[in-house]
Amino acid sequence: MSHERRTNPSDSTEMTEAGAAERPQASAQDLDPASERNPEREALERQVAERTRELARANARLREQVRESERAVHLQATLYRIAALGHGQDGNEAFYRSIHQAVGELLNAESFCIALVSDDGQWLDFPYYVDSSGAELVRRPMGRGMSEYAIRCAQTLRLEAEAINALIARGEVDAATYGTPAVSWLGAPLMGARGVMGVVVVQSYRSDLHYTRQDAELLTFVSYQIANTLQRRQQAEALQILNAQLEQRVQERTRELRRQIVVRERAQKQLKHQVMHDSLTGLPNRLYLRERLERALGAQKLDPARGFALLYLDVDRFKLFNDGLGHGVGDEVLRIVSARMADCVRAPDIVGRLSGDEFAVLLEDCPQPASACLVAERIQARMAETIEVGGRQLHVSVSIGIAMSRQAYQTVDQLLHDADTALYRAKAAGRQRFVLFDETLHASAMNVLDLEQQMRDALEKEQFASYFQPIVRLADGGVTGYEALIRWRHPERGVLGPGQFLPAAEETGLIETIDWHMYRLACQAAPELLGRDKILNINISPCHFHSRNFPRRLLDLAAWAGVAADQLCVEVTESSLLSDPDAAAEILGSLHEAGVRIALDDFGTGYSSLSHVHRFPLRTLKIDRSFIEPLGLGPQQRSTAIVSAVLSLACSLSLDVVAEGVETAVQRDVLLSMGCVHAQGFLFGRPASAGHWLSSGQGGGAVPAGE
């Protein structure tokens, strides 16, 4: 036990007070030590405060280093995770979802997508996307979207709404393709061995979420690893496919070897069948059909009362199916058509495929044309049923030419020729019909052949001439231009108009050569005839829309002749635009850009006049003469309403209007009262040579009314 004396707190207090009473009173200077130590204390306090701040800064730097280290570790772990995905066996959906989760751990990825460029560089695919705005991303051609812009730049882009709007204003980005506007957009290119293979994108639609430079750096690092992982995965998939194909080839080769003995035994029989049948449809082919036709001709020679018929068929618009929907669909259409035709005949009649979409039906016991016509009607009724191919509902029809057996036929080729001639007439008459061959068709075909040879001779002997008909202002009769029209100065039949030979030229394929001959003649005469302020109108046939070189060739011809492009106007009919609208739009667009005027001839007689006005770069509408003829013949409200509507439409679209076929002063006055400015017709002048107009003093001036 301690012997120290325990003191009572109250005793201590008393002793302190007592001591204080015994000590002498201190001076004021003794009671204020700060007066001597104040500078030292302040210096010490400043040192302590500065040291505290340094420690705080060091602590902040240390915490930042720790955070950076943690971010680096997290980033490295994420990159490892993405790299590991390249070796996994997950499907594409799970693979891309894992990448999304990994990126989401580094930065906000509420809206996330990966876009990949197709192997040919023409398409942009979106194998994975999540968009908080609800937008859907589908495969599209490479265009002017934000993803395509990042791919073109080949670098990480961090853009705010203002910057994106600026890109849209400059035309770098198309607003429609871009979609829902984002508040903040961040995209990094995926760099592959052959360049940019795609882009990874995150975007924010929230005003409180903006991506930072640090986010851009993180996404850049991640994009490298994503690109590497995608390439490894693609290589692995390609290798897997190659291995599967190799395995499949090995198995197929093994099976082939096992079947070799059986195949050899069947080879002879199969070869004979292949020689005589079509591989696609299984129908007898041309060789088999000729053999049967020769047999039928021989039987008729022995028994003249034993008649037969040959139906020559062609699938209408088959090229449209084949080119527009693919050869696979075209082949399926041919198979269905062949099966339906086979259902419409009975033994011993046969259906054969001659070539492409051409078929033939041999009716061996058919002495009367009426029986052949009934079969043709049955076939066309069967074809009227809808065909479903490749998820599409198709309407297929056939045109049929029928040739009945005659004693005059000595060879199969004669019979096939006549059936083909009848088929051609059926297609020319509007398709989806049948025509029975007779001597009239034969004579017509011979006339076309004779006319073809005569037109070839006419080209060599320069018998074609270019005539011109004036286009005038209704107000004063002043000539504003001429339409070039072709004439044939036939040595025996006199001057022939285009209606007497151009249909045959189109049928024989001479139309293009004749057109260019006429263009050259018209352009040669134009400089003196037009002066500086008149327009030369020329007509172009649908065949020219198949040549992409047509605009350049026409402009070169005009330049050679000294005709300015803005003094040239090409006239097209509505029916010619329907043959290939895309090609027509491209060719007319090229001419329009060069300054050539485009006129729509026979306006109002087609099926889609308004769509043509909207789609093609038209400058002039020429009202068809069928609407002008009734004017002034009494109450003609329908024609007047149509002409007024055309004039109103043209005015609203800033288009010129030319009224065709004006032949009376009454028609002219009615058109003037309705506000029509230009007209053309016999009232102002019939088509004549350039020399006629120059010699009459009208080449550069007005044409008197009524000439």
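The values are calculated or read from the model by the stated rules, or taken from the named source; none is laboratory data. Remember, it's a predicted structure, so these values are computed and weren't measured experimentally. Every residue, glycine among them, receives a Cβ derived from its backbone with ideal geometry; neighbour counts consider all protein chains shown. Accessible surface areas use protein heavy atoms only, side chains included; no ligands, DNA or RNA. Shrake-Rupley method; radii C 1.70, N 1.55, O 1.52, S 1.80 Å.
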How many angstrom lie between the Cα centre of region 472-551 and the Cα centre of region 222-240?
62
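So which trypsin sites (Lys or Arg not before Pro) in region 456-562 pass both tests, a DSSP loop state and at most 16 other Cβ atoms within 10 Å of the Cβ?
Lys461, Arg493, Arg532, Arg548
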If you plug each phi of region 623-630 into the Karplus form 6.51 cos²θ - 1.76 cosθ + 1.60 with θ = phi - 60°, what whole-Hz ³J(HN,Hα) values come out, in order, with x for Gly and Pro?
5, 4, 4, 5, 8, 8, 4, x
Taking the Cα atoms of region 247-371, what is the range of coordinates along each of the three principal axes, in descending order and whole Å?
63, 41, 20
Whole number please: convex hull volume per residue, Cα atoms of the chain, in Å³.
417
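Report the charge-dipole magnitude of region 195-306 in Debye, nearest 20, computed about the Cα centre from +1 at each Lys and Arg Cβ and -1 at each Asp and Glu Cβ. Please report the intermediate quantities before stating the final value.
Working: 19 positive and 12 negative charges, 210 e Å.
It comes to approximately 1000 debye.
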Where the only charges are on Cβ atoms (+1 Lys, Arg; -1 Asp, Glu), what is the dipole of region 369-492 about its Cα centre, to the nearest 20 debye?
420
Test of the criteria: in region 160-244, which trypsin sites (Lys or Arg not before Pro) are in a DSSP loop and have at most 14 other Cβ atoms within 10 angstrom of their Cβ?
Arg194, Arg206
How much area per residue is accessible in region 272-431 when the probe is 1.4 Å and only protein heavy atoms are counted (Å²)?
47
Suppose we keep just the alpha-carbon trace of region 355-479; what are its Rg and Dmax in angstrom?
22.2, 73
Collect residues whose amide H, placed 1.01 Å from N in the peptide plane, falls under 5 Å from the amide H of Ser689; neighbours closer than 5 in sequence don't count.
Phe468
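Averaged per residue, what accessible area in Å² does region 441-569 show with a 1.4 Å probe, protein chains only? Write down the numbers at each step before the final one.
Details: 5790 Å² over 129 residues.
For region 441-569, the solvent-accessible area averages 45 Å² per residue.
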How high is the relative contact order of the chain, in percent, counting Cα pairs under 8 Å that sit 6 or more residues apart?
7
Calculated [θ] (222 nm, deg cm²/dmol) that DSSP helices of n ≥ 4 give over the chain, each run adding -39,500 (n - 2.57)
-17000 deg cm²/dmol
Spherically averaged projected area in nm², based on the convex hull that wraps the Cα atoms of region 144-207
4.0
For region 550-596, the convex hull over Cα atoms projects on average to an area in nm² of 3.1
Given Cβ charges of +1 for Lys and Arg and -1 for Asp and Glu, the option among Gly681, Pro284, Asn539 whose Cα lies farthest towards the positive end of the dipole of the chain is Pro284
Student exercise, the chain dipole from Lys, Arg, Asp, Glu Cβ charges, in Debye to nearest 20
2000
Under 21 Å from the Cα of Lys622, which lysines turn up, not counting those fewer than eight places away in the same chain?
Lys534
Give the residue from Ala426, Cys569, His100 lying farthest towards the positive end of the charge dipole for the chain; charges sit on Cβ (+1 for Lys and Arg, -1 for Asp and Glu) and the dipole is referred to the Cα centre.
Ala426
Which residue, chosen from Ile241, Tyr128, Ser648, occupies the Cα position most advanced towards the positive end of the dipole of the chain, where the dipole is computed from +1 (Lys, Arg) and -1 (Asp, Glu) charges on Cβ about the Cα centre?
Ile241
On average, how much accessible surface per residue is there in region 112-262, in Å², for a 1.4 Å probe, leaving out ligands, DNA and RNA?
56
Below 23 Å, Cα to Cα, which lysines can Lys427 reach? Residues fewer than 8 away in the same chain don't count.
Lys319
In order through region 580-597: 3J(HN,Hα) via Karplus (6.51 cos²θ - 1.76 cosθ + 1.60), integer Hz, x for Gly, Pro
8, x, 5, 5, 4, 4, 5, 5, 5, x, 5, 5, 4, 5, 7, x, 6, 7
If amide hydrogens are placed 1.01 Å from N in the peptide plane, which non-local residues have theirs closer than 5 Å to the one on Ile486?
Tyr467
Sites matching GluC sites (Glu not before Pro) across region 237-281 that sit in DSSP coil, with at most 15 neighbouring C-beta atoms within 10 Å:
none
Given 10 Å bins starting at zero, what is the percent of C-alpha pairs of region 413-543 in each, up to the one with the largest pair distance?
11, 33, 26, 19, 9, 3, 0
What does the net charge come to around Ala650 if you take all other residues with beta carbon closer than 13 Å to its beta carbon, with K and R at +1 and D and E at -1?
+1
When Rg is the radius of gyration of the Cα atoms in region 495-652 and Rh is its Kirkwood radius, what does Rg/Rh come to?
0.98
Computed on alpha carbon atoms, what radius of gyration and Dmax characterise region 339-379, expressed in Å?
10.2, 29
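Report the relative contact order of region 318-396, percent, no decimals, based on alpha-carbon pairs under 8 angstrom and at least 6 residues apart.
Relative CO of region 318-396 lands at 24 percent.
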Mean projection of the alpha-carbon convex hull of region 311-387 over all orientations, in nm²?
5.0
Semi-axes of the equivalent ellipsoid for region 220-280, please: Cα gyration tensor eigenvalues, times 5, square-rooted, ordered largest first, whole Å.
47, 16, 4
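Take the solvent-accessible surface of the protein heavy atoms, probe 1.4 Å, and return the percent of it on the chain that carbon and sulfur atoms account for.
Looking at the chain in its full context, I get 51 percent from C and S.
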Could you pull out every one of the aspartates and glutamates with an alpha carbon less than 15 Å from that of Lys461, ignoring same-chain neighbours closer than 8 positions?
Glu452, Glu492
